[in-house]
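Right, one structure below, let's go through it.
The values are calculated or read from the model by the stated rules, or taken from the named source; none is laboratory data. Computed from a predicted structure; not experimentally measured. Glycine also receives a Cβ, built like all others from the backbone with ideal geometry; neighbour counts cover every protein chain displayed. The accessibility values were calculated without ligands, DNA or RNA, using every heavy atom of the protein model including side chains. Shrake-Rupley method; radii C 1.70, N 1.55, O 1.52, S 1.80 Å.
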Amino acid sequence: MNATTWKVTRTLLRRSLPLAGGYWAILYLVWAVVLSVQVRFDAVEASMWQNMGLQAPRWFTFVFGITAIGAYLPMFVAQGVTRRDALIGAWGFLVPYAVGFAALTTVGFGIEHLTFDVFGLLDGLAEPYPVGSVGDAAAIWLEYSLVNLGYMAAGALCALAYHQLHAWWATLLLPLVFLPAFAVEVVFRTEWTGVGFAMMLGLDDEAHLGTGTAVALPVLLLAGAVTWLLVRRLPLKKITG
């Protein structure tokens, strides 16, 4: 990463941190309030964080993919940054966010598990708590880092499709655009999308971290290569005068 790509990354981080910080603060606050009410009325039957902490963040990363590639990349190129440097800088912003969001998701499980343990609620759950060890936490972090990257890749492709094609054609291509996200979800059997698509395809509903990672990485690399090929074709001109 050279000085130019770092400038792109730094700009994206600076402008997005308040939004991301506010989002996670609200998510943690809502979850804490709901969990407190459940604990107060002895209505805890399952992990609340499994529903709140796994679903919404991936769509937030999808939006970041759209924003970084659809809004900021053309702006940087118009200011004289090469397409290559702008794209590398954008991924320098997106990848840490994917990993960071997965870490915050994992921390949520840790806090909830500790809360259930303190109040003696673990034994009363309808099914075992999804994260019961350090190994489980590491697996969750890796899995959702890759899931987040899949959604970011889909967001980037979505932005490029609408940038280069007529809106109707871009809309028709949305199932193809979402392939990186849904493919990663299927191989990890995530709730609810991954499990649902796996059942539709006649696959078992059991996730395998090693197999999922081995499939997800090539999918993400292919999506990145396609993104680069499309970025090279962006009809952008440098601003002068």
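In the set (1) in contact (Cβ under 8 Å) with a residue 60 or more places away in the chain; (2) of a type in the set (Gly, Ala, Ser); (3) touching a Ser or Thr at 6+ places or on another chain (Cβ under 6 Å), residue 137 fails one condition alone, (1).
Counting only residues that are open to solvent by 80 Å² or more (accessible area, probe 1.4 Å) and either farther than 26 Å from residue 67 by Cα or free of Cβ contacts under 8 Å to residues at least 60 places away in the same chain (or both), segment 4-32 holds 8 of them. If you go through segment 95-116 and keep only what is out of contact with any Phe, Trp or Tyr (no Cβ under 9 Å at 6 or more places or on another chain) and either of a type in the set (Phe, Trp, Tyr) or farther than 30 Å from residue 156 by Cβ (or both), you end up with 110, 114, 115.
When residue 44 is tested against (1) among the β-branched types (Val, Ile, Thr); (2) open to solvent by less than 20 Å² (accessible area, probe 1.4 Å); (3) modelled with pLDDT of 90 or more, exactly one condition is not met: (3). If you go through segment 72-83 and keep only what is open to solvent by 40 Å² or more (accessible area, probe 1.4 Å) and touching a residue at least 40 places away in the same chain (Cβ under 8 Å), you end up with 72, 79, 80, 82, 83. Residue-level analysis places residue 37 outside the set of residues that are more than 20 Å from residue 178 (Cβ to Cβ) and not in a helix (DSSP H, G or I).
Condition first: closer than 30 Å to residue 121 by Cα and small (Gly, Ala, Ser). Can you find one or more residues in segment 1-20 that meet it? There is no residue in segment 1-20 that is closer than 30 Å to residue 121 by Cα and small (Gly, Ala, Ser).
From 112, 45, grab the single residue that is assigned to a loop (DSSP other than H, G, I, E, B) and in contact (Cβ under 8 Å) with a residue 12 or more places away in the chain.
Answer to the check: 45.
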